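Asks: Submitted below is the structure of interest, expressed as C-alpha cells.
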Amino acid sequence: MKLLLTISLLTCTFMDSHAQLLKARELFGRADSLRGQLTPLRTCYDINYYHLDVRVDPDNRYIVGSNLFLFTATTDFDRLQFDLFDNLRLDSVKYRGQLLPFEREFNAVFIDFPKPIGAGQLDSFIVYYAGHPVQAKRAPWDGGFDFKKDSNGKHWIATACQGLGASVWWPNKDHQSDEVDSMLISISVPNGLTNVSNGRLRDSEDLGDGYTRFNWFVSNPINNYNVAANIGDYVHFTDTFQGEKGVLDLDYWVLRENEAKAKKHFDANVKPMLRAFEYWFGPYPFYTDGFKLVETAHLGMEHQSAIAYGNKYQNGYLGRDGSGTGWGNKWDFIIVHEAGHEWFGNNITSKDLADMWIHESFTNYSESLYIDYHFGKRAGLEYVHGNRRGIQNLAPIIGKYQVNNEGSGDMYNKGGVLHNMVRTIIDDDGKWRQILRGLNSKFYHSTVDYDDIVNYISEQSGKDLSKVYAQYVRYASIPTLEFTFSEDGKAFCRWIADVRDFDMPVRVRTKGGSYQFIQPTRQFTPVSIPGLTRDNLDVDTFNFYIGVLVE
C-alpha cells in the first residue's frame with residue numbers, strides 16, 4: 001500500500017481542449033522562424049540608435065511615421081532583414097538619398113543595398129510607413145494599440161506588445177538579443193493631449209497643424225517591446241528618491257481626474273518598493289532615465305522607465321491576493337511586480353523569448369522579497385507558498401527557441417517557487433542576496449540565456465544547481481521523493497524525476513525535530529536520520545515544491 005502526498009495545487013481542470021491547444025501551439029511555420037531566428041540577415045548588423053517619429057490620429061485609429069536605423073555592420077553584407085507587421089504599409093526605405101528596393105514576407109522586410117557594407121562600418125537608413133495598427137482586444141495580454149477614452153470622453157491610448165512584438169506598430173530589428181543603445185521617441189498627438197514615452201522628455205513642439213510632438217530620449221539600452229506610447233489628458237507631478245546611486249527622479253503621469261488619489265497611493269507604494277528592491281537586487285538600473293508610472297486603461301506593463309499602471313489605485317491585484325495568504329493585499333501588485341521587471345526583464349533581458357521565464361520567475365519571486373523586506377522572512381515564505389495554488393504543471397516554463405515562443409504561464413508562480421527552493425538549498429541569505437545583486441551587476445544592461453543565469457547562480461553559490469533548474473524549467477512535472485522502509489525499520493529514499501541523475505538536496509526531519517539536509521539520487525540510498533520512521537517522517541514541503549511518496 002502506498003500513500004501519495006501531492007503538494008501541487010491546481011486551479012483548473014486539465015481538459016482535452018486545453019491539451020489540444022498546447023499541442024497546436026507547438027506547430028510552427030515560416031513566419032515564426034522569420035520572427036524568432038537569428039539568421040545572418042539579422043546578425044550582420046548591430047543596432048546603435050533609433051529615432052522613431054510617429055503621428056497618431058486617434059479618431060481614425062491611424063498612424064504614419066518613420067524610423068531611423070543607425071547600425072554598425074558586424075560582417076560584410078549587402079542585404080538585411082528588419083521587421084514590420086504586414087498590415088502596415090511600407091512606403092519607402094531611404095539610404096544616402098536614394099530609395100532601396102525591398103521585399104516583404106509575412107512580417108519580415110528584406111532590403112538590398114547598392115554596394116556591400118563592410119564589417120565595422122557605421123551606417124543608417126530610414127523606413128517610412130503608415131496604416132491602421134493592430135488594435136489590442138485585451139491589452140496587455142494581446143498586443144497592439146489600446147484605443148480607449150477616459151470618463152470625460154477624451155482619447156486615452158496606450159501601446160503594449162510583449163511577445164507579439166514591437167513591429168506590430170513600428171519598424172525595427174524585432175529580436176530581443178539586440179537592444180538599441182539609445183533612442184529618440186517622437187510622438188505627435190492632437191493638441192490638448194499629451195504623449196508619455198520612455199526616458200526623459202526633451203521638449204514638446206506645436207506643429208501648427210493641430211498636433212503637438214513630444215520628444216522623449218532614452219539614454220540606456222532598451223528592448224523593443226518596452227518602447228511605449230501613452231496618450232491622454234495627463235497631469236504630471238514629481239518626487240525624488242534617495243537611492244544607492246544618488247537622487248532618482250520619480251515622475252508620475254495620471255489622468256487629470258485621478259491626481260489626488262494618485263499622489264496619496266504612489267507615495268505609499270513607490271518608495272517602499274524601491275527600498276526593498278535596491279536592497280535585494282542592487283541600484284535601480286536606469287537612474288539617468290528616471291522612474292515613471294503612467295496611468296493606462298489596461299492593467300499594466302513593465303515599459304522601461306515608463307511603467308504602465310492600471311490597477312485603479314488599490315492594493316493587491318485589482319484588490320485581490322492571488323496567494324490567498326493576505327500578504328498580497330498589503331501593497332499594490334502592479335507597482336511592485338512591474339517595477340520588479342526593471343531589474344529582471346529590462347536590465348537583464350533574455351536573448352530569446354523562450355527564456356521569458358527568466359523575466360517572470362524572478363519578478364514573481366521579487367514580490368515575496370518585497371514582503372520579506374517589509375514584513376519579515378516568514379511572511380515572504382508564506383506568500384510564495386500560497387502562490388502554488390496557481391500552478392498547473394501542464395507544460396514546461398521554457399519555450400521553443402528561434403520561433404518566438406514563450407513557455408507556459410507557470411513561469412510566474414512556479415518560477416518564484418523555484419527560486420525560493422534555491423534560496424533554501426543555498427541556506428545562506430547573505431550569499432543569496434549577493435547572488436541576486438550580482439546577477440544585476442554581472443549582466444547589467446545585457447541580454448542573457450538559460451545557461452548564463454543557471455551557471456552564474458551555481459558558480460556563486462558553490463553548488464551545482466543545474467539539475468534543479470533543468471527539472472523545474474525544462475519539464476512540466478515536479479519531482480517526487482519516494483521513501484521505503486525495510487523490515488528492520490531502516491529508511492531509504494530516491495528521487496523520481498525527469499532529469500537524469502537528479503540529486504536535489506532536500507530537508508527532512510522527525511516530527512518535532514530539526515530539519516537536516518539529505519541529498520537523494522535516482523537510486524534508493526539510506527536516510528541517515530536517527531529514529532526516523534514511517535509515522536514520524538516530516539519532509540519540508542513548505543519550502544520544497546515536490547511530491548512525497550511513502551511506501
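The values are calculated or read from the model by the stated rules, or taken from the named source; none is laboratory data. Every value quoted in this text rests on a predicted model; they were computed, and no experiment measured them. Neighbour counts run over all protein chains shown; Cβ positions are idealised from the backbone, glycine included. To get the accessible areas, we keep the full protein, side chains included, count just its heavy atoms, and leave off ligands, DNA and RNA. Shrake-Rupley method; radii C 1.70, N 1.55, O 1.52, S 1.80 Å.
Asks: Tell me the strands (runs of 3 or more DSSP E) entirely within the range 46-117 that contain at least 3 residues that are of a type outside the set (Gly, Ala, Ser) and either open to solvent by less than 30 Å² (accessible area, probe 1.4 Å) or on the phi > 0 side of the Ramachandran plot (or both).
Replies: Correct list: 62-73, 77-83, 89-95, 108-117.
Asks: Can I ask one more? Would the range 532-542 turn up any residue that is modelled with pLDDT of 95 or more, buried (at least 18 other Cβ atoms within 10 Å of the Cβ) and touching a Lys or Arg at 6+ places or on another chain (Cβ under 7 Å)?
Replies: Scanning the range 532-542, I find no residue that is modelled with pLDDT of 95 or more, buried (at least 18 other Cβ atoms within 10 Å of the Cβ) and touching a Lys or Arg at 6+ places or on another chain (Cβ under 7 Å), so the answer is no.
Asks: Looking at THR510, is it hydroxyl-bearing (Ser, Thr, Tyr), at pLDDT 95 or above, loosely packed, with under 14 Cβ neighbours inside 10 Å and out of contact with any helix residue (DSSP H, G or I) (no Cβ under 9 Å at 6 or more places or on another chain)?
Replies: It is false that THR510 is hydroxyl-bearing (Ser, Thr, Tyr), at pLDDT 95 or above, loosely packed, with under 14 Cβ neighbours inside 10 Å and out of contact with any helix residue (DSSP H, G or I) (no Cβ under 9 Å at 6 or more places or on another chain).
Asks: Another question, then. Among the residues of the range 152-195 satisfying the criterion of being of a type in the set (Ser, Thr, Tyr) and assigned to a strand (DSSP E or B), which is farthest from CYS44 (Cα to Cα)?
Replies: It comes out as THR194.
Asks: How about the range 282-298: which of its residues are touching a Leu at 6+ places or on another chain (Cβ under 8 Å) and closer than 15 Å to ASN195 by Cβ?
Replies: Hits for the range 282-298 are LYS292, GLU295.
Asks: While we're looking at this one, here's another question. Can we say VAL247 is open to solvent by 40 Å² or more (accessible area, probe 1.4 Å), of a type in the set (A, V, I, L, M, F, W, C) and over 30 Å from ARG104 (Cα atoms)?
Replies: yes
Asks: Would you confirm, using the coordinates I've provided, whether LYS414 is closer than 27 Å to PRO285 by Cα and either assigned to a loop (DSSP other than H, G, I, E, B) or modelled with pLDDT of 95 or more (or both)?
Replies: Yes: the conditions hold for LYS414.
Asks: Could you tell me whether GLY208 is surrounded by fewer than 24 Cβ atoms within 10 Å (Cβ to Cβ) and either touching a residue at least 12 places away in the same chain (Cβ under 8 Å) or polar (S, T, N, Q) (or both)?
Replies: Spelling it out, it is not the case that GLY208 is surrounded by fewer than 24 Cβ atoms within 10 Å (Cβ to Cβ) and either touching a residue at least 12 places away in the same chain (Cβ under 8 Å) or polar (S, T, N, Q) (or both).
Asks: Within the range 139-149, does at least one residue satisfy the condition of being modelled with pLDDT of 95 or more, among the acidic types (Asp, Glu), closer than 28 Å to ASN347 by Cβ and open to solvent by 10 Å² or more (accessible area, probe 1.4 Å)?
Replies: Among the residues of the range 139-149, not one is modelled with pLDDT of 95 or more, among the acidic types (Asp, Glu), closer than 28 Å to ASN347 by Cβ and open to solvent by 10 Å² or more (accessible area, probe 1.4 Å), which makes the answer no.
Asks: More than 23 Å from THR521 (Cα to Cα), among the aromatic types (Phe, Trp, Tyr) and not in a helix (DSSP H, G or I): is that true of TYR444 in this structure?
Replies: Yes, satisfied.
Asks: Which ones in the range 174-200 are β-branched (Val, Ile, Thr), farther than 26 Å from ASP449 by Cα and open to solvent by less than 10 Å² (accessible area, probe 1.4 Å)?
Replies: Once the filter is applied, which keeps residues that are β-branched (Val, Ile, Thr), farther than 26 Å from ASP449 by Cα and open to solvent by less than 10 Å² (accessible area, probe 1.4 Å), the range 174-200 yields ILE185, ILE187, VAL189, VAL196.
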